[in-house]
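These notes concern the structure reproduced below.
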Amino acid sequence: MEPDPRSQRQAAAATARGPEPDERPRSIAIIMDGNGRWASARGLPVADGHREGARALRRTVEAAIDLEIGSLAVYAFSTENWARPADEVGSILELLDETIDRELPDLARQGVRTRFFGRRDRIPDGLREKIAALEAETAANDRLHLWIAFDYGGRAELVEATRRLLRDGVPPEDVSEETLAERLYARELPDPDLVIRTSGEQRLSNFLLWQSAYAELVFVDTLWPEFGEEALRAAVEEYARRARRFGAR
Ligand code: IPE
Ligand code: IPE
Ligand code: MG
């Protein structure tokens, strides 16, 4: 039998770095893109695309539970998305409100811990309270950690972390990758092993700029409302074929 090149590579890596690398991503981040194109291809209002996108999120979270992914971070709304028409922004806020009421409690029963990261000061008061309540109610869950990026921008996050360093009076010689990372919006969010973007676009659009330094990137043509278990599995399989090097020989 031909030796499997992947096991050879793993064996080499194991010799170089100690234990065999895990081929499964523990932490996945998804840029959920393509709701607008999904809706316009069907002659539907954009809000319907976002609604279908929320269904895709539900399916994907359940698939991530089955695949035993520890952490899933999803990009729901960027700092730049406020520039969209007011009725579209309104429909996204409304949908988030409904999702917290209808979908996330079901997921909580399946052991999902949900946390939001990003700016909170521009979210309407009632919604901000619902977010805090959901985070508190699911704090003891541990089956899947779901992180929802809302009013999130990677640059804004780094600016805010810098402000926190200054406010905390950290002297320049103590500024390090660790002291900065501790001041990101969500210090417990693990760096993603794998970042998936749907809809064929191949860019990060300001998502997890710091945390994705060594992430594997997978771009798929599927529009977000059509994403689900099969597409997630395919991305995880693609990840397993990659050789991560982290700069080492
Ligand atoms: C992603 O879908 C959802 C958000 C950015 C809120 P889009 O609405 O960006 O979909 P396209 O890119 O217009 O198709
Ligand atoms: C990125 O998608 C933001 C989210 C998926 C929430 P966009 O549709 O806003 O990104 P661009 O404008 O195509 O870069
Ligand atoms: Mg888009």
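Structure data summary
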| item | result |
| --- | --- |
| Pairs with Cβ under 8 Å, 6+ apart, first in segment 79-93 and touching a residue at least 60 places away in the same chain (Cβ under 8 Å), second outside any helix (DSSP H, G or I) and within 9 Å of ligand 2 (Cβ to nearest atom) | T79/Y152; T79/N206; E80/S205; E80/N206 |
| Conditions (1) surrounded by 14 or more Cβ atoms within 10 Å (Cβ to Cβ); (2) over 26 Å from A47 (Cα atoms): number failed by D97 | (2) |
| Residue pairs meeting the criteria (Cβ under 9 Å; at least 6 apart or on separate chains; first of a type in the set (S, T, N, Q), in segment 148-169; second assigned to a helix (DSSP H, G or I)) | T162/L180 |
| Residue match in segment 118-138 (condition: touching a residue at least 24 places away in the same chain (Cβ under 8 Å) and either within 16 Å of ligand 3 (Cβ to nearest atom) or in a strand (DSSP E or B) (or both)) | no |
| Matching option when the condition is modelled with pLDDT of 95 or more, away from ligand 2 (no atom under 16 Å from the Cβ) and not in a strand (DSSP E or B), among A248, A213, A231 | A213 |
| Condition met for R113 (in contact (Cβ under 8 Å) with a residue 24 or more places away in the chain and part of a loop (DSSP other than H, G, I, E, B)) | no |
| Exclusive hit being closer than 21 Å to E157 by Cβ and either part of a helix (DSSP H, G or I) or more than 21 Å from the chain's Cα centre (by Cα) (or both), set E62, E80, E52 | E80 |
| Selection count, segment 164-183, where residues are of a type outside the set (S, T, N, Q), closer than 24 Å to F116 by Cα and in contact with a Leu (Cβ under 8 Å, 6 or more places away or on another chain) | 3 |
| Verdict on L189 being surrounded by 13 or more Cβ atoms within 10 Å (Cβ to Cβ) and either at pLDDT 95 or above or touching a Ser or Thr at 6+ places or on another chain (Cβ under 8 Å) (or both) | yes |
| Counted residues, segment 185-201 - those being more than 10 Å from ligand 2 (Cβ to nearest atom) and either free of Cβ contacts under 8 Å to residues at least 40 places away in the same chain or of a type in the set (D, E, K, R) (or both) | 4 |
| Every residue from segment 205-222 that is within 13 Å of ligand 1 (Cβ to nearest atom) and surrounded by fewer than 22 Cβ atoms within 10 Å (Cβ to Cβ) | S205, N206, D221, T222 |
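The values are calculated or read from the model by the stated rules, or taken from the named source; none is laboratory data. All of these numbers come straight from a predicted model, not from anything done at the bench. Positions of Cβ are generated from backbone atoms using ideal geometry, with glycine treated the same way; all protein chains shown enter the neighbour counts.
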